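Here's the structure, in structure tokens; my notes come after.
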Amino acid sequence: MHDYNPSLIETKWQQYWQDKKVFKTPENSEQPKYYVLDMFPYPSGSGLHVGHPEGYTATDIIARYKRMCGFNVLHPIGWDAFGLPAEQYAIKTGTHPRETTQKNIKRFREQLQMLGFSYDWDREVNTTDPDYYRWTQWIFLKLYEKGLAYQDEVPVNWCPKLGTVLANEEVVDGKSEVGGFPVVRKPMRQWMLKITDYAEQLLDDLDELDWPESTKEMQRNWIGRSIGAEIEFQIVGHEESLRVFTTRPDTLFGATYMVLAPEHHLTEELTTGENKNRVEQYRKNAALKSDLERQELSKEKTGVFTGSYAINPVNNKKIPIWVADYVLAHYGTGAIMAVPGQDERDWEFAEKYDLPIIRTVSTPGNFEGKAFTGHGVVMNSEFMNGLNVEDAKVSIIQWLEKNGAGKKSVNFKLRDWLFSRQRYWGEPFPIIHVEGKPKPLPEEELPVTLPEVDDFLPTQSGEPPLAKAKEWIKTTDPETCQPAIRETNTMPQWAGSCWYYLRYISPDFEGGPVEKSKENYWMPVDLYVGGSEHSVLHLLYARFWHKVLYDCGVVSTKEPFKKLVHQGMILGELEYTAYKKHGEYIKPEEALEKEDVEKIKLSEKDVEKRGESFVLKGTDIQIDARAYKMSKSRGNVINPDDIVKSYGSDALRLYEMFMGPLEQVKPWSTKGVEGVYRFLGRVWRLLIDDSTGELRRVVHSDEPDQKQMKTLHEAIKKVTNDIEEMRFNTAISALMIFVNEANQWKDLPIEVIKPFLLILSPFAPHLAEELWNRLGHSETLAYENWPELNEEYLKEETVMYPVQVNGKVRGEVYISSDKSGQKDFVLEKAKKQENVQRYLDGSQIVKEIYVPGKIVNIVVKN
RNA sequence: GCCUCGGUGGCGGAAUUGGUAGACGCGUUGGACUUAAAAUCCAAUUCGGGUCGAAACCCGAGUGCCGGUUCGAGUCCGGCCCGAGGUACCA
């Protein structure tokens, strides 16, 4: 038998590509460049899952396509290999994280190679390699030099069990995202990066990026610029004044009380004797709670009066100062002027504690709510009465500035980036402490490598594991030869992924993170593909570093990633589930309370659709039909290795692209893989006689006929456009249509088959190479010219016009192409069409619509 | 609550600017080949209806629901329902 045998073909071509270094990145050429980048993976112990090849296949198709279009393509891969899992495994088993990481990388590399991606494997980067993190440390030095790195005592999320500090985003429901251990707040010495210095730029430069609007919007919201004013309130009987930020300075006349965050530095001072105990108690309670608990428990607002009063600068009224935890210490100035009339939170609080409410914006006639946050005419505000809100803002800011009571102000939600971790498996900081003061190491001292330790646990007090490397810690200041102590914190996983796209450009360069001339050529990244879970953090941090490097003259572009696309998640296979309670079937929506509910998995054959929902076949019993996120616990994980074993990697690649639009969430279907596998088999048998294994005799070198050229060029057109637009599912359908057509031909002109193999090759590279080779080529097709579309072949001899009467299709007419543009001729013929006539009979024609090449519509009246 | 995305056959999806809704694939059904099965190939397949049946053809309904604009709406506008993801007192 000489059937399509992917495992044979695929290993053969993977070997060929590797041996001949077919995908080595071309250097020093006059040709245009294209940099297509995948978000590099964290090499986890469980290996590749089917989600990885989705984005990777998409970029691989683009890379192969661009090469054939004459671009120099940079298409690299590497490993984001620092991270907690390897460290936790080390704590459990004593295996050094380096060993685990190397093992996992090897597995990942093999798996990726097995899928036939056209990476330049000579450019692999690994964030844990000292030759790599040397430059991560170098960039940190730049940040430090620019005053963008500083130390601070910060109350952080301390997880005693993991022995590490977690970022807010790593804490879920008051527990660590990894492991689910409790998290408490604890002040600790930390390194911070001043990303806030770049807030404005990070926001403004989003506008020009070819990114999904939703991602840009998320970053905008995260940065959270709001424009308003800072207002200064004098405090009765105190020297100090209270500064607040507000986006609604126009409502100043309606400010009837003030609120401080419990952590506000003036809280203690402003609390008068009789209130001391209650305020102290309130602050203590607030401090004990994590951010999350505070939010959860504060559905009902709470607060206490300090006993002090502030003076509203605009009318000199005395207003009470309260402490409440609905005001956040880290946003704005940590204090607010409360305007219950125009703010729902303030209204709620004022109602509860019986504080005065003054409306300063007139409410619409039908308004029944409490606080009115909309726009309208200002009232109860003396000189601003009658203005609209926008004008009132301008007016009050002028007044504040004139009277020295405040000024216009812009505030950001974005906070500085907590940049240190108490872990072993991360980049050491290039910092020493001399006489208790931090000092950067000179560049020549890099890299500061991780010390060998045999115990990866942090100390009881929360000192990082590096504190246990007693020899390593003790060092001397290379400049002054004074004794010094090394920094024992390490950098977070984000550090290495903030700039890896630059290292690919010159992975072995010794003179800096990236070689200038090459950076100039290759940057920016033309296409970046990765999951939307990185919409904010990774993509914002990387943009921040890039902008710093731009200011340092290291890179030549303001933004790193020109175009960004997120691949959608692949869910598990569709599941049909019936629910039983005490032996009786129940409705799916009743199954939510878990006790006693029995789940029964059903196959497709057991169910049918009735109306809106699915039921058990032949009954009225409603069942659930959904696809779930793949997870080990659910047991619906698909392993790419198994798919490759059964159907080959061309089939896996093709299927993942055929499932649906790249960006969309889609359920897996192994039957669907079989479908594309059958398609690849048909391609094989189109050219190969499966009884002899030889080229079929119908393959010949005679001139193709018009019809064949038309079929070919239709495919070229569709596939080319669809690749450009990254609509791979419809491109594949066009390839299928071609094969379905070609299968009916009596002969197969080689001049039609060759371009077809070329347009197939980005999708199914192994099969395409094999058949290309069997057509007599000894070289790879990877650098053949992409077939050019010739519109001439697409011309139709006749054009079919659907004919509508009153918007309903009643017939169709065929018009020869040369007459298709003649309105009267087409209409005449349309009206004569037999079935159309039936509808025109006895009616009066009111209007005739003719859309050239598309449709005819005749509007009639009886 | 807010923000974002989405809702089209039994299923995944297609319809590029408003112009024949359902391409392509899966599944299902029937047929061919085979001793038989698998594989493969061919045909049918939105739902309902019309002629004894079949083919061909025709009619009606149909893109979450209600309404609007238009000769014509899956596509545009208004209102609503449902699902997914994100977010959380940001003054």
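Start at zero, step by 20 Å, and the Cα-Cα distances of chain A spread as 12, 32, 34, 19, 4, 0 percent across the bins. Here the extension length gained between A:Glu612 and A:Glu779 equals 54.5 nm, from 0.36 nm per residue of separation less the Cα-Cα distance. Between A:Arg185 and A:Glu240, how high is the FRET efficiency from 1/(1 + (r/R0)^6) when r is the Cβ-Cβ distance and R₀ = 30 Å? Nearest 0.05. Result of the calculation: an efficiency of 0.65. Axis of helix A:130-145 versus longest Cα principal axis of chain A: the two differ by about 40°, to the nearest ten degrees. Computed extension length for A:Gln151-A:Ile849: 243.9 nm, one decimal, from 0.36 nm per residue of separation with the Cα-Cα distance subtracted.
Which residues does a label at A:Asp454 reach in region A:80-103, if reach means a backbone N under 17 Å from a point 7 Å past the Cα toward the Cβ? Within reach of a label on A:Asp454: A:90-99.
Across the alpha-carbon atoms of region A:225-412, the computed radius of gyration and Dmax are 16.2, 47 angstrom. Using the Stokes-Einstein relation with a Kirkwood hydrodynamic radius computed over Cα pairs, the translational diffusion coefficient of region A:21-173 at 37 °C and a viscosity of 0.692 mPa s comes to 179 µm²/s. In plain terms, the chain from A:His2 to A:Thr480 could stretch by 164.5 nm, reckoned as 0.36 nm per residue minus the Cα-Cα distance. Seen from A:Pro483, the other residues with C-beta closer than 11 Å to its C-beta sum to a net charge of -1, counting Lys and Arg as +1 and Asp and Glu as -1. Express in whole angstrom the spacing between the alpha-carbon centres of region A:430-478 and region A:667-701. If you average the Cα positions of each part, the centres end up 61 Å apart.
Rounded to the nearest 0.05, the FRET efficiency derived from the C-beta distance between A:Asp197 and A:Arg727 at R0 = 45 Å is 0.65. For the residue pairs A:Lys66/A:Lys558; A:Lys142/A:Lys558; A:Lys216/A:Lys562; A:Lys21/A:Lys516, the alpha carbons lie more than 23 Å apart in A:Lys66/A:Lys558; A:Lys21/A:Lys516. The spacing between region A:68-120 and region A:499-529, judged by their C-alpha centroids, is 19 Å. Once both labels are modelled 7 Å past Cα along the beta-carbon direction, what's the A:Glu268-A:Asn388 spacing in nm? Between A:Glu268 and A:Asn388, the label points sit 4.9 nm apart.
Net charge within 15 Å of A:Tyr198 by Cβ-Cβ distance, Lys/Arg positive one each and Asp/Glu negative one each, not counting A:Tyr198 itself? Result for the local shell: +3. Near A:Ser701, once Lys and Arg are set to +1 and Asp and Glu to -1 for all other residues with Cβ below 13 Å from its Cβ, the sum equals -2. Kirkwood analysis of region A:796-861, using all unique Cα-Cα pairs, places the hydrodynamic radius at 11.6 Å. What shape does region A:669-773 take by its C-alpha gyration tensor, where a ≥ b ≥ c are the square roots of the eigenvalues and a/c under 1.5 counts as rounded, a/b above b/c as prolate, and the rest as oblate? Oblate is the answer for region A:669-773, as a/c is 1.5 or above yet b/c matches or exceeds a/b. Applying 1/(1 + (r/R0)^6) with R0 = 60 Å to the Cβ-Cβ distance of A:Gln18 and A:Thr363 gives a FRET efficiency near 0.25.
Excluding same-chain neighbours fewer than eight residues apart, the lysines reachable from A:Lys707 by a Cα-Cα span under 21 Å are A:Lys717, A:Lys718, A:Lys746, A:Lys754, A:Lys795. With the simple spin-label model, which puts each label point 7 Å out from Cα in the Cβ direction, the A:Val377 to A:Ser816 separation comes to 7.4 nm.
For region A:659-705, the list of trypsin sites (Lys or Arg not before Pro) that fall in a loop by DSSP and count at most 11 other C-beta atoms within 10 angstrom reads A:Arg697. Its alpha carbons give region A:334-388 an Rg and a Dmax of 11.7, 36 Å. Each residue, A:Glu741 and A:Arg220, gets one label point 7 Å from its Cα in the Cβ direction; the gap between the two is 4.4 nm. The lysines whose alpha-carbon is closer than 22 Å to the alpha-carbon of A:Lys402, local same-chain residues fewer than 8 away aside, are A:Lys317, A:Lys318, A:Lys393. In this structure, the residue pairs whose Cα-Cα separation is over 23 Å, taken from A:Lys24/A:Lys106; A:Lys103/A:Lys666; A:Lys832/A:Lys861, are A:Lys103/A:Lys666. Beta bridges assigned by DSSP with both partners in chain A are antiparallel in approximately 80 percent of cases. Bridgeable lysines around A:Lys284 (alpha carbons under 16 Å apart, same-chain partners fewer than 8 residues away excluded): A:Lys186, A:Lys276. Cα centroid separation, region A:635-660 to region A:349-427: 54 Å. Take every pair of alpha-carbon atoms less than 8 Å apart whose residues are at least six positions apart; their mean separation over the length of chain A yields a relative contact order of 14 percent.
Sequence-distant contacts, meaning Cα pairs under 8 Å at least 6 residues apart, place the relative contact order of region A:225-412 at 30 percent.
Contact order, relative form, for region A:1-136: 33 percent (alpha carbon pairs under 8 Å, 6 or more residues apart, mean separation divided by residue count).
Bear in mind these aren't lab numbers, they're just calculated from the coordinates by the rules spelled out. Remember, it's a predicted structure, so these values are computed and weren't measured experimentally. Glycine gets a Cβ as well: all are built from the backbone with ideal geometry, and neighbour counts include every protein chain shown.
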